[in-house]
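First the structure, in the form of structure tokens, and then the observations on it.
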Amino acid sequence: MRAWLLSLFSFTLLTPAQSPSVPYPLTNLTIQGNKRFTPAQIIGASGLKIGQAVSKDNFDVARARLLETGAFESVGYEFKPNVAKTGYDATFDVAEVALTYAYRFEDLPAADETLRAALAKQEILMAQVIPATRQVLDRYERTLEQALGGKVKVEGKLNYDLPGDPAILFRSSGERPRISEVHLTGNESVPATELLNKFADVAVGTEFSDAAVRRLLDASVRPMYEARGRVRVAFPKIIAEPSTHPEVVGVSVTVAVEEGPLYKLGEVRFTGAATKQAKELEDLVKWRKDDTINFDEIKTGLDRIVKRFKSTGYLHAIARADRTVNDKDHIVDLAVNVEAGPIFTYGKLEIRGLDLISEPAIRKMWGAKEGKPFDAGYPETFLKEIKDEGIFDNLGETTSQIKVNEDAKTADVTLNFLGSKTPDSGRKRLNQVH
């Protein structure tokens, strides 16, 4: 780490007239180390402007402003006279907070849009995701309380209770009862035991709120219905009552289920990187028009698409199916979009655990792949082929490791042959490979 970063700032004094304490125009401001935020966003948050008269005190204030946002773990700066000695050129080096989370509101007496608008007015940098530091949470709590007219005490904390990624939850302060038992009514197409077990697994023990229960239903129960073509399943009523068991502290939750009609698969359209391979992908996903739509099968098909792209070098490929629901005809059309990302090629191959006779033969079997599109599944397939061909009489454990270089867009592979021995019979087979 640069010495000036450790000392928080540095400056270069080239002429006696340009003392760090003497204001001169800011002629250039460079941002380094940023990943999530743009230079313009960081400069805006610093309060500095090109052309304004600045001295060391101004840079100290700008650094403090950036740290106060809570978006940075550290901020350092340096400044020096420009070439013409008519002003200062400055550089800020920042280290952004690594972990950030989406946030949401629960049980606050205002619309989400209103609360987010209030936060946006005082947040220059962070919008949709924020760190879970106490500094940032305190600031957000104060802003929300002001937006609610001081009538509600707001608390924010990182929440792990709900399925999916952790999120920061802002809600009114106070303890909530926990769910001790669950019941569902109105279900017909999904076996009651299967439904209850799935919902109870995620719901029992969590704090009760209507919003939290609905999120749990969407994460656990809704997919079970969507796998059976019930894409409009609804939960119109949620009732929480004290548990009927005297020894149990908690609430009993009853959810009314409206399953809705069956829907069929309509048209499937491929967009994005998938457009040129539409016919191939149609055969790959194995979805059939006019069948009852099953979103478990849709997900499986999307996973096949991603696997296909990753086998041709697109290691960061993602696929999604956007749905258009026709409630009149009970049909769901899908638009399948693939974001392929950059292509990665084979990098270096390292082989561990083999002797001087075995390694060259295995390397020859691997082939000259460096520079060709990388297949993420090939290393394990290759090791399986070696085992199936019986090249080693006593093949030990084999593993593969992939090291991705994001800058060079390459993937280095390490093949590990742990405890493998090559007796004479194995050497004869390996010599046939040469």
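The values are calculated or read from the model by the stated rules, or taken from the named source; none is laboratory data. Computed from a predicted model, the values in this text were never measured in an experiment. Cβ sites come from the backbone with ideal geometry, for glycine too, and all protein chains shown count toward neighbours.
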Suppose we filter region 84-107 for residues that are at pLDDT 90 or above, farther than 17 Å from Glu68 by Cβ, in a strand (DSSP E or B) and not β-branched (Val, Ile, Thr); how many remain? 9
Search region 115-129 for residues being surrounded by 13 or more Cβ atoms within 10 Å (Cβ to Cβ) and at pLDDT 90 or above, and hand back the single one that is nearest to Phe37 (Cα to Cα). Leu119
Of everything in region 236-251, what is under 17 Å from Val213 (Cα atoms) and assigned to a loop (DSSP other than H, G, I, E, B)? Give them in sequence order. Ser243, Gly250
Give the residues of region 259-284 that are more than 25 Å from Asp218 (Cα to Cα) and in contact with a helix residue (DSSP H, G or I) (Cβ under 7 Å, 6 or more places away or on another chain), sorted by residue number. Phe270, Ala274, Leu281, Leu284
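Could you say which residue among Ala240, Ala212, Ala227, Ala256 is crowded, with 20+ Cβ neighbours inside 10 Å and either in contact (Cβ under 8 Å) with a residue 24 or more places away in the chain or farther than 21 Å from Asp296 by Cα (or both)?
Exactly one residue qualifies, and that residue is Ala212.
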Pick out the one residue from Leu349, Leu395, Leu383, Leu356 that is loosely packed, with under 14 Cβ neighbours inside 10 Å, over 25 Å from Lys299 (Cβ atoms) and among the hydrophobic types (A, V, I, L, M, F, W, C). Leu356
Can you pull out the residues in region 42-63 that are out of contact with any strand residue (DSSP E or B) (no Cβ under 9 Å at 6 or more places or on another chain) and part of a loop (DSSP other than H, G, I, E, B)? Gly47
Residue tally, condition of a type in the set (Gly, Ala, Ser) and either closer than 30 Å to Val268 by Cα or assigned to a helix (DSSP H, G or I) (or both), over region 338-381: 6
Of everything in region 161-195 that's under 17 Å from Ser252 (Cβ atoms) and within 30 Å of the chain's Cα centre (by Cα), which residue is surrounded by the most Cβ atoms within 10 Å (Cβ to Cβ)? Ile179
Residues that are crowded, with 22+ Cβ neighbours inside 10 Å, aliphatic (A, V, I, L, M) and within 23 Å of Gln128 (Cα to Cα), drawn from region 35-65: Ile42
